[in-house]
Amino acid sequence: METKSFEQQKVAKNGKQNIISKYSPRLHSKRPDSMRVELLPQPENSTTNNAEKCSDFGARVPGVDIEFTNLNYAVKEGIIKRRERKILDNVSGKFSGGQLTVIMGPSGCGKSTLMNILAGYRVKGCSGDILINGKIRNIDIFKEQSSYIMQDDNLQPLLTVGEAMSIAAHLKLGKAFSHRDKKLRVKELLEFLDLWDSRRVRTKNLSGGQKKRLAIALELVKNPQVVLLDEPTSGLDSVTSKNCVELLKGLSGRGKTVICIIHQPSASIFEMFDHLYVMAKGMCMYQGSVSYVLQFLEEHNLRCPPYHNPADYLIEIASGEHDANAVERLVKGCSNGRFSLEYLENHISKEDFIISNNNSTAINDNSIPSLMRLPSFVKATTTKEVIVEKTKSCFRSRYPTSFPDQLLVLLKRTFKIVSRDPTLMYNRLLTHIFIALLLGTLYYGIGRDAKDIRNNSNFLFFTVMFLMLTAFNCVTTTFPTELPIIKQECFNGWYAVKSYFLAVTLADIPIQILATHLYAGITYFMTAQPFDLFRITYFVTMCTLISLVSQSFGLIIGASMGVKNGVIFGPFCFLPFTIFSGFFVQLNSAPFFLRWIFHISFLKYGFEGLMLSIFGYDRGKIPCSSDYCHFVYPKMYLDALDMEDAVYKNCVLFMIFLIVLMRFISYYLLYLRLK
């Protein structure tokens, strides 16, 4: 039983007739928060009980009511003295299905934290209860039925609007829908959101409003029952912001639970919301209908000036501009979110409730602007969708599509992105070709003369360093930039992390191998190395393994830190491997307690592999054009570099082992970071 605040008890004592006479004009002019009109006959996604779905999947499914009580969230600050700072302080509230709810408040009041907790994006460190339709929330089921659209437009910039929507449809709808049904749904959504004419435009070239509408369209593909948005109007002009809120209004009118954060809406936008939740200092100072907020403020000696935007006035109160104790009074007045004008339902007679419900404004197609005419799959679900929902509820799968299907779709998407990315594709290939030509010109013909044997080893070590740095930098400068996109898509249940990681790994390997082969082929022949097939094969193979190991190392850095930190700490981590590569210091010349580092340095194995491919395997005497050449026999030069016991096979096996190990580590780090 909820504890009533002082104001609730006071109103209750006056009797239900006083309550009805006080609020009945408003109740009969506009429907109260608790009186929903169920306009969605059978939502595609809902959080009802599995047994109920399986027994009667054709029945009407009510809207999703989200209720939370006594939510607390705090963070630790400081390094030595760990101070606790409360972000949410025992807040409560209820957001009903079929309503457009807005969360307002000044910066730093806890709006985004509350939204993250309600969406399930932030779980650790939070205490309190979250109920879905009166039952404790199952976070996994809730995520299947909801979509969280974050403040930043996390879109793939190199995909067109149509491609992005098609990929979302294939990942979110699965095999239960035919290819024709998916195309039809994409077409309806793009026409509905006025994006059909821009379907061939890359997302990076869209305007701010178009990006916001596309972000919403991508999540509407699966027809979620709960839509949560963080600052959907941020960065938009007044007209575009109003169109965006009209879209959300239309969705809520079809039974969806739509919750959004808007920092400071205009007066015209403010009037469009059904339910208002105002926060200040991590607490709730009002929740209820927009039409009652001014009267609620007047009851606490706060009068909004005429011709003043009520939303601006609320923010001013929450910021402490009008009365230093106003926030505390309002928080107490609504019992920190427990008290809402919904409690009138408990005092009004059944007849009055029916009258007010009949007089409420029902939302129909004619009341929604032409832009907001909802697609057919949002208005009602087909028999096929009902069957999908039944199967999904009885034999629950975490993702709509299987792992092979996810991998296939993501591979196609990644190939498109890589082929259009100048950094990942064209610049990388051109860099390898240019450096190969430059190096081939500088070391032209050194392979055929014994007097240039040291220059030849310098060329081989430069090859190791060049392949390492180019492969490493290509990953560390591009991979972290996709993490916000991947984080949102994985959270909203598009695909599993392993599907994405495997797709990225497989899609980039052919480009890296092609670039490496271009470099190796050009430099090998321009430097006049031995024209033996097995030596060419060994040389190219080792070059490829060096680049793949470096790429794997770049994945670890990219998965664990951002671009700036990766550029700084990545080369720093390479320094020990470079020093102990066998080029600057030989194994026998190093102190005995540091020799173990040679055996874990992949640059040592890479350098040895290249040296063996050129000078190993009993290569004969090298011609000398000078009066004296000390190393006319390659075996003597290998002995001087402490490589007399080196085995090419061991180098290959160690490099392959590193590739597998480091990619497993990078996957695990990516999984932890996204989790």
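Here the label points at Ala74 and Arg303, each 7 Å from Cα along the C-beta direction, are separated by 4.2 nm in the simple model. Applied to the range 629-646, the Karplus parametrisation 6.51 cos²θ - 1.76 cosθ + 1.60 on θ = phi - 60° returns per-residue 3J(HN,Hα) values of 10, 5, 10, 7, 9, x, 5, 5, 5, 5, 5, 5, 9, 6, 10, 5, 9, 5 Hz, with x for Gly and Pro. Remark: Ile485, Ile556 ranked as Ile485, Ile556, counting other beta-carbon atoms within 10 Å and listing the fewest first. When you filter the chymotrypsin sites (Phe, Trp or Tyr not before Pro) in the range 409-485 for DSSP loop state and at most 12 other Cβ atoms inside 10 Å of their Cβ, you are left with Tyr444. Within the shell of other residues whose beta carbon sits under 13 angstrom from the beta carbon of Ile579, the net charge comes to +2, with Lys and Arg scored +1 and Asp and Glu -1. The fraction of all Cα pairs in the range 507-573 landing in successive 5 Å bins from 0 to the largest distance is 3, 16, 21, 17, 15, 12, 9, 5, 2, given as whole percents. Cα centroid separation, the range 97-132 to the range 461-483: 40 Å.
Check each of the trypsin sites (Lys or Arg not before Pro) in the range 165-271 and keep only those in coil by DSSP with at most 13 other C-beta atoms within 10 angstrom; list them in order. Intermediate values should be presented prior to the final figure.
Working: sites: Lys172, Lys175, Arg180, Lys182, Lys183, Arg185, Lys187, Arg199, Arg200, Arg202, Lys204, Lys211, Lys212, Arg213, Lys222, Lys242, Lys249, Arg254, Lys256; in loops: Arg199, Arg200, Lys222, Arg254, Lys256.
The qualifying sites are Arg200.
FRET efficiency for the Phe403 to Cys624 pair, using the beta carbon distance and R₀ = 56 Å, is estimated at 0.40. Place a label point 7 angstrom from the Cα of Arg82 along the Cα-to-Cβ direction, then list the residues of the range 104-133 whose backbone nitrogen is under 17 Å away. Taking a point 7 Å out along Cα→Cβ of Arg82, the residues of the range 104-133 whose backbone N falls under 17 Å are 124-127. Put the Cα centre of the range 234-279 next to the Cα centre of the range 526-575 and the gap is 51 Å. For the range 206-274, the alpha-carbon radius of gyration amounts to 1.04 times the rule-of-thumb value 2.2 N^0.38 Å expected for a compact globular protein. Just the Cα atoms of the range 403-674, one point each, no solvent: what log10 I(q)/I(0) does Debye give at q = 0.08, 0.17 Å⁻¹? Values, matching the q order: -0.36, -1.32.
Report the FRET efficiency, 1/(1 + (r/R0)^6), for Ser319 and Phe572, where r is their Cβ-Cβ distance and R0 is 56 Å, rounded to 0.05.
Details: r = 45 Å, r/R0 = 0.80.
After rounding, the FRET efficiency stands at 0.80.
Values quoted throughout were computed directly from the atomic coordinates according to the rules given, and no laboratory measurement underlies them. What you see is a predicted model; the values in this text were computed from it and never measured. As a convention, Cβ positions derive from the backbone with ideal geometry for all residues, glycine included, and neighbour counts pool all protein chains shown.
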